[in-house]
Amino acid sequence: MVSFVKLRAFVSLWLPRSVSDTMVLVKKLAILIFVFALSYTAFSETKTYIGHSPDECARIRFVCPEGEEYFSDAKRCGCEKKLAANPSSSGQPIDSLIEKEYSSLDALYKHLHTNPELSYHEVNTSVRIAEELRKAGFEVTEKFGEYPDPKLTGYGIVAVMKNGKGPTVLVRTDLDALPLEEKTGLPYASKVKTKNDAGEDVSVMHACGHDIHMTVFVGTARLLSALRDQWHGTLIMVGQPAEEIAPGGAEAMLRAGLYTKFPKPDYCLALHDDASLATGKAGWVEGYALANVDTVDITIRGAGGHGAYPHTTKDPVVVALQTIVSREVQPGQFAVVTVGSFHGGTKHNIIPDDAKLQLTVRTYTKEIRQQVLSAIERITKGITQAAGVPAGREPIIDLHPAKFVPATYNNPDLVKKTVSAFQEALGKDNVVERIPVGGGEDFSRFSLDDLSVPSFQFWLGAVDPKKIAESEKTKTPLPSLHSPLFAPVPERTIRTGIKAMSTAVINLMKPTS
Ligand SMILES: [Zn+2]
Ligand SMILES: [Zn+2]
């Protein structure tokens, strides 16, 4: 009763009693309509329905003028992950997904770092990574790979996620560590000791950062699984064993039928941490990025204690081999011939029968590789012949085809489109061009011999920028990859790696319409 009286009083205030009252009321209503229309327009401009249609679910993503976003009714329908997974143009949801996953990824990284395993022995590492991929929703095949030596087990992992029509993209991580004693002093440093294949006691360390690669790989798998509405096609996540050794795991997986038992990729992607690039950055090289690696053993055979040959012949061979790069290869073309080991004899005063040379040869193109290898053979045979080595004692030159690692060629078109996606996701200043290096990587195998599968391996900055500045100032080199002191910055490197790799994949697989 009381409220009715109040209501009547309120309404009567608004009822016109004269023409001028009517005008005032019209003005008041006009102002109200204007204010309502203004706020409605502002409101509807900043809200977007995502994930579901508004009928299916009442959840709405709001973006405030500062760009911050939030969800209405965020707790009710239990599908925050899917909603958050819808990237805005700022890429913010990728960051928030990484944020959600980071603490478990940090634990995974430290676990992998503390428990490294040597090439050909990635037993527990492969089980853990396969388990992670299964949890992320992939169909996983384990122990995939066939080495020439049947005694070796291939610990390769192939994880497939089919998500409608679209390209097939392969993402690869390596799994193995190195026979080195860690000297970083980190609380999670490896203390692992084992026996190598020769039965010697060795320490083991992830000195090439493959633990970073694996953590980024698992983070990327989780993210892409959550972001399934942003890409179409088939995603193949490959855990490759034995990157640090030849014959390597990439070849073993291809031999076992990676491209016939599973969908053949249209593109292959990989990353490698960079021991001289600041964390938070990604680096790229178009074309040849890493070298052909040939291992050559030469045995120069003399005539025991007879003649003048043995004590003079060894050095001339080494010196002459150095002329291949300086005198035979066209200036500007990349080639390295290093005689890393030279061994002959047992004692000062005994002229040996044999001298053994161990070489590593680095080139980029097939043509230069062939030129350099032929020159090594020609020069070695020619010099020993000139020194009067008796017939039947010609040098033995073993080119070890099984140890060959082909050069990594980054497909220019793929590099261009991926780098522009990186620039958008990471910021232009964080995407830098690097120069090709003389190291080798068997990721190159995934491109096939004729480079018919476009591939791109990018660099992932892993170093504290303060340490880079200090090293430039003091001229003290930073610990390189394969150094017992190599200690990448985990958090920023892993976050950047996941963002870069997920962006690269989505960019290749996003719906075209
Ligand atoms: Zn390495
Ligand atoms: Zn490596």
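All of the numbers you see were taken from the coordinates with simple rules; none came from a lab. All figures in this text were calculated on a predicted structure; none of them were measured in a lab. All Cβ positions, glycine included, derive from the backbone under ideal geometry; neighbour counts span all protein chains shown.
Cβ crowding within 10 Å ranks I383, I300, I494 as I383, I300, I494, fewest other Cβ atoms first. The packing ranking of peptides 218-231, 148-161, highest mean first, is 218-231, 148-161, where packing means the average number of other beta carbon atoms within 10 angstrom of each residue.
Using a 10 Å cut-off on Cβ atoms, rank the peptides 327-334, 240-247 from the highest mean neighbour count down. It would help to have the intermediate numbers written out before the result.
Numbers: 327-334: 11.8, 240-247: 24.5.
My ranking of the peptides, most packed first, is 240-247, 327-334.
Label-to-label distance, L186 versus K261, with points set 7 angstrom from Cα along the beta-carbon direction: 3.3 nm. For the listed residue pairs K191/K510; K151/K499; K183/K264; K135/K403; K428/K467, the alpha carbons are over 32 angstrom apart in K191/K510; K151/K499; K183/K264; K135/K403. Here the calculated FRET efficiency for A386 and K347, from their Cβ-Cβ distance with R0 = 35 Å, stands at 0.80, rounded to the nearest 0.05.
The simple Förster model, with R0 at 22 Å and r as the Cβ-Cβ distance, assigns H232 and K417 a FRET efficiency of 0.85. Cα extents for region 294-403 along the principal axes, largest to smallest and rounded to whole angstrom: 43, 26, 24.
Based on the Cα gyration tensor of region 125-199, what are the three equivalent ellipsoid semi-axes, each the root of five times an eigenvalue, rounded to whole Å and given largest first? Numbers along the way, then the final one.
Numbers: eigenvalues 181, 71, 23 Å².
Its equivalent ellipsoid spans semi-axes of 30, 19, 11 Å.
For the listed residue pairs K193/K475; K195/K347; K281/K473, the alpha carbons are over 29 angstrom apart in K193/K475; K195/K347. Annotation for K428 and S96: the two label points, set 7 Å from Cα along the Cα-Cβ direction, are 2.9 nm apart. Once the chain from I435 to R327 is taken as fully extended at 0.36 nm per residue, the excess over their C-alpha distance is 36.5 nm.
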